[in-house]
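Every read-out reported here was derived from the displayed coordinates using simple, explicitly stated rules and does not represent laboratory data. Note that the coordinates shown come from a computational prediction; the quantities given were computed from them, not determined experimentally. All Cβ positions, even for glycine, are placed from backbone atoms using ideal geometry, and neighbour counts span all protein chains on display.
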Amino acid sequence: MNENKTNINWYPGHMAKTKRLIKENINLIDIVYEVVDARIPYSSKIVDIDEFIQNKSRIIIMSKYDLCDKIETNKWIKYYEEKGYTVLTLDIINDKPNKLIDLTNKLMENINNERSKKGLKERKAKVLIVGIPNVGKSTLINRLVNKKVVKTGNKPGVTKNLDWIRVGEDIELLDSPGILWPKFEQELVAFNLASLTAIKEEVLPIFEVVTYILETLEKYYPEILENRYGITEVNDIYEALDTIGKKRGCLIKGGEIDYDRVFNVILNDIKEGHIKGITFDRRDNYVF
Ligand SMILES: Nc1nc2c(ncn2[C@@H]2O[C@H](COP(=O)(O)OP(=O)(O)OP(=O)(O)O)[C@@H](O)[C@H]2O)c(=O)[nH]1
Ligand SMILES: [Mg+2]
């Protein structure tokens, strides 16, 4: 799976516009929170991010850490740290983000020291949150503010505009709509993003994506496949879907399998976080 032979693609106009707006406003920003999904620490990293956030101080936040396979994800954390990035892991829904706030204040202190050397006034931290769709950016903002100030949702494309939000006395945050890039060069990346709900369902080749999910579970997490779906292999995909359909009651009149409902069951299991302990990006599969 190297070249992208699928037609998975989702780059609506608002994503290009978001990138342009970020580029135009980047001078106002001190620190960037780059949010990536801990289950796909490589595929969910925006490929052209350096181009539009330039050399701003950056914290990589691995969201949904509660849902990942920590052994595999920790290999990526090590990789990014070795490249010089600062990485924080978060279960945004349950963890207190104190570490993130402390780190932000520390980075801002350095920035303000540099500013005062140049004779510039101290200022509050202006932070941009950026990442792929549905990764948890808005949830993190609500968590930092400790109340629901921005809309969140269990599907990609919830945030539509760039929005400034004040966090306590010291930090101002810019929420941004999720962005992807015009073309996924690697098929693996496209499938990972599709499987972990970063791409609008309506544009997906559902059968191929569900097949990929089941095959990936078979390869790396056979115990999940067995416990959740009662199957041990997916060599015959229709047989596997039939078994899952029967087990989960996805039948139409006459006892036939309703495949659309089977697809939904599987996608929903991922979307709702019923399947935990998975990391689809395997460090060993990538050579760089
Ligand atoms: N289990 C788990 N779920 C999370 C976490 N962070 C966010 N979520 C869920 O992920 C979904 C998407 O969250 P949002 O905050 O709306 O994501 P977003 O990045 O703002 O998405 P867009 O605005 O569409 O780009 C919601 O259903 C959240 O409850 C996390 O750390 N763990
Ligand atoms: Mg959002």
**Asked** What shape does the range 51-105 take by its C-alpha gyration tensor, where a ≥ b ≥ c are the square roots of the eigenvalues and a/c under 1.5 counts as rounded, a/b above b/c as prolate, and the rest as oblate?
**Response** oblate
**Request:** Scan the range 147-179 for trypsin sites (Lys or Arg not before Pro) in coil per DSSP, keeping those whose Cβ has at most 16 other Cβ atoms within 10 Å, and list them by number.
**Result:** LYS147, LYS148, LYS151, LYS160
**Message:** Quick check on the range 122-185: of the DSSP beta bridges with both residues there, what percent are antiparallel, nearest 5%?
**Reply:** 55 percent
**Asked** Roughly speaking, what is the stretch gain from LYS271 to GLU239, that is 0.36 nm per residue apart minus the C-alpha to C-alpha distance, in nm to one decimal?
**Response** 9.2 nm
**Request:** Write out the trypsin sites (Lys or Arg not before Pro) in the range 1-63 meeting two conditions: DSSP loop, and at most 11 other Cβ atoms within 10 Å of their Cβ.
**Result:** LYS5
**Request:** Putting +1 on Lys and Arg Cβ atoms and -1 on Asp and Glu Cβ atoms, find which of ASN192, THR211, TYR221 reaches farthest to the positive end of the dipole of the range 181-232.
**Result:** ASN192
**Prompt:** Just how large is the dipole of the range 78-127 about the Cα centre, in debye to the nearest 20, putting +1 at every Lys and Arg Cβ and -1 at every Asp and Glu Cβ?
**Reply:** 400 debye
**Request:** Would you please give the residues with an amide H less than 5 Å from that of THR89, counting only those at least 5 places away or on a separate chain, with H modeled from the backbone geometry?
**Result:** MET62
**Asked** Magnitude of the Cβ-charge dipole of the range 1-145, K/R +1 and D/E -1, about the Cα centre, nearest 20 debye?
**Response** 520 debye
**Prompt:** Counting DSSP beta bridges with both partners in the chain, what percentage is antiparallel, nearest 5?
**Reply:** 30 percent
**Asked** Using a cut-off of 23 Å between alpha-carbon atoms, which lysines can reach LYS23, once sequence neighbours fewer than 8 places away in the same chain are excluded?
**Response** LYS45, LYS56, LYS124, LYS126, LYS137, LYS160, LYS183
**Message:** Taking amide H atoms as placed 1.01 Å from N in the peptide plane, list the residues 5 or more away in sequence, or in a different chain, whose amide H sits under 5 Å from that of THR159.
**Reply:** GLY178
**Prompt:** If you keep only loop residues by DSSP, which trypsin sites (Lys or Arg not before Pro) in the range 225-261 have at most 16 other Cβ atoms within 10 Å of their Cβ?
**Reply:** LYS253
**Message:** Expected output is a single nm value to one decimal: the length gained when fully extending between ARG261 and VAL145, i.e. 0.36 nm times separation in residues minus the C-alpha distance. What is it?
**Reply:** 37.9 nm
**Request:** Using a Gaussian network model of the chain whose springs link C-alpha atoms within less than 10 Å, name the residue from LEU67, LEU21, LEU214 with the highest mean-square fluctuation.
**Result:** LEU21
**Request:** With a length cut of 20 Å (Cα positions projected on each helix's long axis) and a Kyte-Doolittle mean of at least -0.5, go through the chain and give me the DSSP H helices that pass.
**Result:** 206-220
